[in-house]
Amino acid sequence: MKTYPVSISTETHGLAGSLVLPEGAAAGSPVPGAVIIGGPGPLPLQRRAQDGTKNWPVVWAESLGAAGLACLCYDQRGSGESTGLYHAADWDDLYADAEAAADLLAVQPEVGWTAAVAWADGAGFALRLALEGKVDGLILLAAGALTAGTRYAAQVARLAASRGLSERVVQLRVRQWQAQIADVRRRVEAGEHIAETDVGGRRVVTNLRRFLALTEFDPGALAPHVTVPVLLLHGATDGVVPPEESEVLRDRLGGPVERQVYLEEGHFVYRSARAIADAAAWMRRRGAGVAGE
């Protein structure tokens, strides 16, 4: 396989990425390809850590390339070799970057059928890419089906039950969380965009508009309109997004769905070699037009 540097330029920033093509991929014999997209979370997704260690997008890209598939991954704006300011980017700004990466993969002559790969909060961008016809399939890792508020309430309820606490305590915690979100909404409506806090001597910058959009996003409501094939991969011990959520998402999606749960994995299911192998096999089937249900 070969790895090529790619770039996407806009008026405000440039995205740097890598395109992996397997041996034999050509315009006359295109292969299925995946684009690994970053989400709207608090930290940008980049290809390598500061010490040069490969982050999971590169591991996946190289593994898919070795399996005879193409893959494109990129540093989100303001990280790695990409320019711009991550904290200044709203939800739609970061989605536009994901869309540009998907479009770049789709025009490669060596690539035919395409899928978006996303982890956790990035699944929202992937679902939107599918809705807008930008990709032919989705591979979603640790994907949820609930809004942040509904998930928080369920987590508090489980914790209270395990400790023998009353429903009154649950409702108090939920109201406190709702009050915090309402405060953020007021600040955004007043024109505040960025918030800075100090956590253990470290400066943490939060984009309030993006944070609010993330808390209000409802993947379950979007799911019935997504009709492309979807592969859901989840860790059985995921304590951030419980695996039951991807089961709910499976039942709500409007197209063919396969779901795999890995007993030995938690929230960082992208670390699983089995998950990568399952994703590669699914892409080969789907890219060849073979139904995998």
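Quick check on my filter: what residues within region 87-110 are under 15 Å from A27 (Cβ atoms) and open to solvent by less than 10 Å² (accessible area, probe 1.4 Å)?
Matches in region 87-110: L105 only.
Please go through region 92-124 and give me each residue that is part of a helix (DSSP H, G or I) and in contact with a Pro (Cβ under 7 Å, 6 or more places away or on another chain), ordered by number.
Matches in region 92-124: L94, D121, A123, G124.
Can you go through A126, A49 and tell me which one is under 13 Å from the mean Cα position of the chain (by Cα) and within 25 Å of A273 (Cα to Cα)?
When all the criteria are applied, what remains is A126.
Quick one: would you say T215 is surrounded by 13 or more Cβ atoms within 10 Å (Cβ to Cβ), farther than 18 Å from L140 by Cβ and in contact with a Ser or Thr (Cβ under 8 Å, 6 or more places away or on another chain)?
Yes, satisfied.
Among the residues that make up region 192-201, is at least one of them closer than 23 Å to Y95 by Cβ and modelled with pLDDT under 90?
Our first condition is that a residue be closer than 23 Å to Y95 by Cβ; within region 192-201, this holds for 192-195.
Then drop every residue that is not modelled with pLDDT under 90, which leaves 195.
For region 192-201, residues closer than 23 Å to Y95 by Cβ and modelled with pLDDT under 90: present.
Hey, can you tell me all the residues within region 280-293 that are outside any loop (DSSP other than H, G, I, E, B) and open to solvent by 40 Å² or more (accessible area, probe 1.4 Å)? Spell out the reasoning first.
First, pick out the residues of region 280-293 that are outside any loop (DSSP other than H, G, I, E, B): 280-287.
Within region 280-293, R284, R285 meet the criteria.
Looking at region 29-59 only, could you name the residues that are among the hydroxyl-bearing types (S, T, Y) and open to solvent by less than 70 Å² (accessible area, probe 1.4 Å)? Quick ask: steps written out before the conclusion?
So in region 29-59, the residues among the hydroxyl-bearing types (S, T, Y) come out as 29, 53.
Of everything in region 29-59, just one residue is among the hydroxyl-bearing types (S, T, Y) and open to solvent by less than 70 Å² (accessible area, probe 1.4 Å), namely S29.
Has region 236-254 got any residue that is under 18 Å from V135 (Cα atoms) and open to solvent by 20 Å² or more (accessible area, probe 1.4 Å)? I'd like the intermediate steps shown before the answer.
First pass over region 236-254, keeping only residues under 18 Å from V135 (Cα atoms): 253-254.
Narrowing further to those that are open to solvent by 20 Å² or more (accessible area, probe 1.4 Å): 254.
Yes: one or more hits.
Just to be sure I understand the filter: pairs with C-beta atoms under 6 Å, separated by 6 or more residues or on different chains, first member in region 1-28 and open to solvent by less than 60 Å² (accessible area, probe 1.4 Å), second member of a type in the set (F, W, Y) and in a strand (DSSP E or B). Which pairs pass?
The qualifying pairs are L15/Y74; G17/Y74; L19/Y4.
The values are calculated or read from the model by the stated rules, or taken from the named source; none is laboratory data. Small disclaimer: the values here were computed from a predicted structure and weren't measured. With ideal geometry, Cβ positions are generated from the backbone for all residues, glycine too; neighbour counts draw on all protein chains shown. SASA here: full protein model, heavy atoms, side chains in, ligands and nucleic acids out. Shrake-Rupley method; radii C 1.70, N 1.55, O 1.52, S 1.80 Å.
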